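Reading through the structure tokens given below for one structure.
The values are calculated or read from the model by the stated rules, or taken from the named source; none is laboratory data. Predicted, not measured: the structure shown is a model, and the values here were computed from it. Backbone-built Cβ (ideal geometry, glycine too); neighbour counts: all protein chains shown. Surface accessibility is based on the protein's heavy atoms, side chains included, excluding ligands, DNA and RNA. Shrake-Rupley method; radii C 1.70, N 1.55, O 1.52, S 1.80 Å.
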Amino acid sequence: PGNGKALSLDGEWEFYWERLLTKDTLSANDPDAVVPVPSAWNEYVINGEKLSGEGFATYRLHIKTAAPEGTMLAFRMYTCSSAYRLYVDDRLIASNGTVSETKERETGEYRPLAASFAAPGEDFDIILQVSNHQYARGGIWYRIYFGGEEAIGELHDKIMGKEYFILGTLIITALFYFSLFILQRELRHYLWFSLLCLFMGVCLDMVGQFVIPRWLPGLT
């Protein structure tokens, strides 16, 4: 990572079910399993039982780099279901929503982001607390990218740029055909096509980068 590359952290992570652990408490706990990431935790079997989507857990991955202390590194996080807190050792680096052991206190959020930090040393722990009391599947669904601050920033901007371009194209097309419909009300197929473009934009964004909630922050 110190040479500027962006790497995916696909692999096997320690998994602690129904425990929200920190750097200080991890040493006193043994993992319930070593699990593949990315994947939904519904696929995991703990003590002979398959997990449900609802619950909470801690993931841990030990990272070794050639980057000296103070090197600026970064993560590119997509989303976890339904809330997460990402730590490097004992430092909070990124989060979505409010992680909780109970449904009443959890706030879900899907907001892809890039978060940078200064490396605490050549090796450190990535600790990811995840809770899900709102969706059918829980866990780390998507790849987490890690690398130099500049490389991760470029990756994030590239992904978001594509999303903005697609949404912008669909919105402009929708407005163009809606304007034609206003001028020629008898051509109702212009209206239907305009609405179709808007509908496609919403659908693509909900499986994409969640740009619309950034534009309309009042949306839950």
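General remarks:
- When the residues of region 105-137 are filtered to those that are farther than 18 Å from residue 37 by Cα and in contact with a helix residue (DSSP H, G or I) (Cβ under 6 Å, 6 or more places away or on another chain), the one that is surrounded by the fewest Cβ atoms within 10 Å (Cβ to Cβ) is 116.
- Qualifying positions in region 53-71 - open to solvent by 10 Å² or more (accessible area, probe 1.4 Å) and within 17 Å of residue 24 (Cβ to Cβ): 60, 62
- Exclusive hit being open to solvent by less than 80 Å² (accessible area, probe 1.4 Å) and of a type in the set (Phe, Trp, Tyr), set 199, 181, 165, 176: 181
- Unique match (being touching a residue at least 12 places away in the same chain (Cβ under 8 Å), closer than 30 Å to residue 162 by Cα and touching a Lys or Arg at 6+ places or on another chain (Cβ under 6 Å)) among 83, 94, 114: 114
- Test for residue 150: is it open to solvent by 90 Å² or more (accessible area, probe 1.4 Å) and at pLDDT below 95: yes
- Scan of region 1-41 for residues that are part of a strand (DSSP E or B), open to solvent by less than 30 Å² (accessible area, probe 1.4 Å) and under 22 Å from residue 91 (Cα atoms), ordered by number: 13, 15, 16, 37
- If you go through region 185-195 and pick out every residue that is open to solvent by 80 Å² or more (accessible area, probe 1.4 Å) and under 25 Å from residue 164 (Cβ atoms), you end up with 2.
- Region 46-71, residues that are more than 16 Å from residue 116 (Cα to Cα) and assigned to a strand (DSSP E or B): 46, 49, 50, 55, 56, 57, 58, 59, 60, 61, 62, 64
- The numbered conditions (1) touching a Ser or Thr at 6+ places or on another chain (Cβ under 7 Å); (2) within 18 Å of residue 76 (Cβ to Cβ); (3) without any contact (Cβ under 8 Å) to a residue 40 or more places away in the chain are all true for residue 157 except (1).
- Selection count where residues are buried (at least 18 other Cβ atoms within 10 Å of the Cβ) and either assigned to a strand (DSSP E or B) or at pLDDT below 95 (or both), scope region 72-104: 21
- Any chance residue 123 is in contact (Cβ under 8 Å) with a residue 60 or more places away in the chain, in contact with a His (Cβ under 8 Å, 6 or more places away or on another chain) and not hydroxyl-bearing (Ser, Thr, Tyr): yes
- Within region 36-65, being more than 18 Å from the chain's Cα centre (by Cα) and under 22 Å from residue 143 (Cα atoms) holds for 43, 44, 45, 51, 52, 62, 63, 64, 65.
- Conditions (1) under 19 Å from residue 133 (Cβ atoms); (2) free of Cβ contacts under 8 Å to residues at least 40 places away in the same chain; (3) touching a strand residue (DSSP E or B) at 6+ places or on another chain (Cβ under 7 Å); number of the one not met by residue 54: (2)
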